[in-house]
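Single-structure report; data block below.
None of the figures in this text is laboratory data; all of them are computed from the coordinates on show. Here the structure is a predicted model, which means the values were calculated and not measured. With ideal geometry, Cβ positions are generated from the backbone for all residues, glycine too; neighbour counts draw on all protein chains shown.
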Amino acid sequence: MTMKRIGLLTSGGDAPGMNAAIRAVVRTAIYYGMEVYGIERGYAGLMDDEFVRLEMRSVSDIVHRGGTKLRTARCMEMFTKEGQQRAVDALERHGIDGLVVIGGDGSFRGAKALTEGYGIPTIGIPGTIDNDLEYTDYTLGFDTAVNTCIEVINKLRDTMNSHERISVVEVMGRHCGDIALYAGITSGAEIIIVPEIPYDMDDVVMRINRSRENGKHSNIIVVAEGVMSAEQFAKQLQEVTTYSVRSTNIGHIQRGGSPSMADRMLAAQFGNKAVRLLKDGIGNRVVGIHKNEIIDMDIIEAVSMKKKFNYELYETLQMISM
Ligand code: ATP
């Protein structure tokens, strides 16, 4: 079946690159002669009938902007059968043949509910800074968020060096340590504390002392939010070290900003692939990237995969950040 009209929404936490993906979906759909309706505020707007027609020029000048033009929301009603029925009714009222959902794991579960329970063809585009989905090597927004963390850590290093301090920096990622891992390696942090690996404060102190004996004047410890706050960690550390400890929470700055080249490229490829699948009448899939190739996978299979931590990268960090 060729689809004539598709819907598009962003859901869950926002991520840089969502706008670039919206653009790619809209332009690809128009290329294939389909109509696109943007749905504002995620599943909440779907239930409240907030549909806007998106034309070629509606998505001009957004490729470089962070956030999401369609805005996003969390919607508790989507967990209920009644809520899902309201969503389906709205899609039917607008004659929507297929739906593209840009979001994280939770948003995909919402799409899965529409697919499994009501037969709505859906395609998921992974848009979350957390990089917490196993089926894809990278999610949209992760690269930009890590770049923002690097920038902050570089600045912290300058001041920590001058005062010979230890900086504990908190990054996002929910239950996933990937932002801490990638930002840690690429900014030269000595230590990362992630939910996937239990930490030992004696070992942390030993590493700090060893680095000082080796001539370092400061230390950076990146703590993933899934473990504890930077403030809490800094407090614990200050009790067992004579070096002065400071804490910084990068916070929501990680979510904003112009997307990096890597995220814009992913957005273009994910958006394009999502519409090509729907065009061929294929639904119930998620798109991703694996070993540098754009892939698609069954949505049910994708959300049931458990995210694995990259221990090899962790070991690399331990070897080179001395
Ligand atoms: P991020 O990882 O960036 O936070 P996310 O998509 O995982 O993004 P969630 O808050 O988990 O964010 O989910 C977004 C929305 O998806 C929820 O508010 C809800 O409307 C819908 N949703 C989540 N899980 C389910 C589920 N099991 N069934 C139906 N809908 C769901």
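Here is a list of conditions, (1) more than 8 Å from the ligand (Cβ to nearest atom); (2) loosely packed, with under 15 Cβ neighbours inside 10 Å, and Phe79 meets all of them except one; can you say which number that is?
Going through the list (1) more than 8 Å from the ligand (Cβ to nearest atom); (2) loosely packed, with under 15 Cβ neighbours inside 10 Å, Phe79 breaks only (1).
Please determine, by comparing only the residues of the stretch 28-57 that are part of a helix (DSSP H, G or I), away from the ligand (no atom under 16 Å from the Cβ) and out of contact with any helix residue (DSSP H, G or I) (no Cβ under 7 Å at 6 or more places or on another chain), which one is nearest to Tyr138 (Cα to Cα).
Within the stretch 28-57, the first condition is being part of a helix (DSSP H, G or I), and the residues that meet it are 28-31, 42-47, 56-57.
Checking which are away from the ligand (no atom under 16 Å from the Cβ) leaves us with 28-31, 56-57.
Now narrow it down to the ones that are out of contact with any helix residue (DSSP H, G or I) (no Cβ under 7 Å at 6 or more places or on another chain): 31, 57.
On the way: Tyr31: 27, Arg57: 29 Å.
Filtering first and then ranking leaves Tyr31.
Conditions first: (1) buried (at least 19 other Cβ atoms within 10 Å of the Cβ); (2) farther than 21 Å from Val286 by Cα. Asp14 passes all but one, so which condition is the exception?
For Asp14, the exception is condition (2).
Okay, residues lined up against (1) in contact with a strand residue (DSSP E or B) (Cβ under 7 Å, 6 or more places away or on another chain); (2) without any contact (Cβ under 8 Å) to a residue 40 or more places away in the chain; (3) farther than 28 Å from Gln85 by Cβ:
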| residue | (1), (2), (3) |
| --- | --- |
| Gly7 | yes, no, no |
| Ala29 | yes, no, no |
| Ala44 | no, yes, no |
| Met47 | no, no, no |
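For the stretch 126-172, how many residues meet the condition of being touching a Cys at 6+ places or on another chain (Cβ under 8 Å) and either under 19 Å from Ala234 (Cα atoms) or of a type in the set (Ser, Thr, Tyr) (or both)?
The first filter runs over the stretch 126-172 and keeps only residues touching a Cys at 6+ places or on another chain (Cβ under 8 Å), leaving 130-132, 169, 171.
Those left that are additionally either under 19 Å from Ala234 (Cα atoms) or of a type in the set (Ser, Thr, Tyr) (or both): 169, 171.
Summing the residues that are touching a Cys at 6+ places or on another chain (Cβ under 8 Å) and either under 19 Å from Ala234 (Cα atoms) or of a type in the set (Ser, Thr, Tyr) (or both) in the stretch 126-172 gives 2.
Check off (1) under 18 Å from Val25 (Cα atoms); (2) surrounded by fewer than 17 Cβ atoms within 10 Å (Cβ to Cβ) for Arg74 and give me the number that stays unchecked.
It is condition (1) that Arg74 fails.
Looking at the stretch 95-103, is at least one residue within 8 Å of the ligand (Cβ to nearest atom) and under 30 Å from Ala224 (Cβ atoms)?
Filtering the stretch 95-103 down to residues within 8 Å of the ligand (Cβ to nearest atom) leaves 103.
Right, trim to under 30 Å from Ala224 (Cβ atoms) and you get 103.
Yes; the residues of the stretch 95-103 include at least one that is within 8 Å of the ligand (Cβ to nearest atom) and under 30 Å from Ala224 (Cβ atoms).
Can you name the residue in the stretch 58-76 that is part of a helix (DSSP H, G or I) and of a type outside the set (Gly, Ala, Ser) and, of all such residues, is farthest from the ligand (Cβ to nearest atom)?
Of everything passing the filter in the stretch 58-76, Val59 is farthest from the ligand (Cβ to nearest atom).
Hey, which of the strands (runs of 3 or more DSSP E) in the stretch 167-274, taking only ones fully inside, have at least 3 residues that are out of contact with any His (no Cβ under 6 Å at 6 or more places or on another chain) and surrounded by 21 or more Cβ atoms within 10 Å (Cβ to Cβ)?
Values: elements: 191-193, 219-224, 245-249.
The qualifying strands (runs of 3 or more DSSP E) are 191-193, 219-224.
Evaluate the stretch 105-125: report whether one residue or more is within 17 Å of the chain's Cα centre (by Cα), assigned to a loop (DSSP other than H, G, I, E, B) and under 27 Å from Met265 (Cβ atoms).
Among the residues of the stretch 105-125, not one is within 17 Å of the chain's Cα centre (by Cα), assigned to a loop (DSSP other than H, G, I, E, B) and under 27 Å from Met265 (Cβ atoms), which makes the answer no.
Where the second residue is assigned to a helix (DSSP H, G or I) and of a type in the set (Ser, Thr, Tyr) and the first is within 12 Å of Met322 (Cβ to Cβ) and lies in the stretch 205-233, which pairs have Cβ atoms under 8 Å and are six or more apart or on separate chains?
What qualifies is Asn219/Ser211.
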